[in-house]
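Asks: Attaching a single structure in structure tokens format; questions to follow.
Each value in this text was obtained by applying a stated rule to the coordinates, not by laboratory testing. Computed from a prediction, not measured in an experiment: that's the story for all the values here. As a convention, Cβ positions derive from the backbone with ideal geometry for all residues, glycine included, and neighbour counts pool all protein chains shown.
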Amino acid sequence: MTEVLESESEKELAQIAKELSVQQEALLKATKSKQPYNDIVDAIDELRERKQKALTGKAMQEGKSSEFKS
């Protein structure tokens, strides 16, 4: 059961990383071409918050998993 949850956490983190990369590229293009980029920055901030929550959840799950192994 914990292996499934860990796998889901890894998938979520990978997806967030992929989305962050896309948004960061968009931000670079927007700043180079002097286009508005507030929406891109907001999206990046949201993705960073999602990443933090996912990492926190993963750490909590790993903590619970180690309790069961002890």
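Asks: Out of curiosity, is Lys18 touching a residue at least 24 places away in the same chain (Cβ under 8 Å) and part of a helix (DSSP H, G or I)?
Replies: Answer is no for this residue.
Asks: If we keep just the residues of the range 16-36 that are of a type in the set (A, V, I, L, M) and over 10 Å from Leu47 (Cβ atoms), which is surrounded by the fewest Cβ atoms within 10 Å (Cβ to Cβ)?
Replies: Out of the qualifying residues, it is Leu28.
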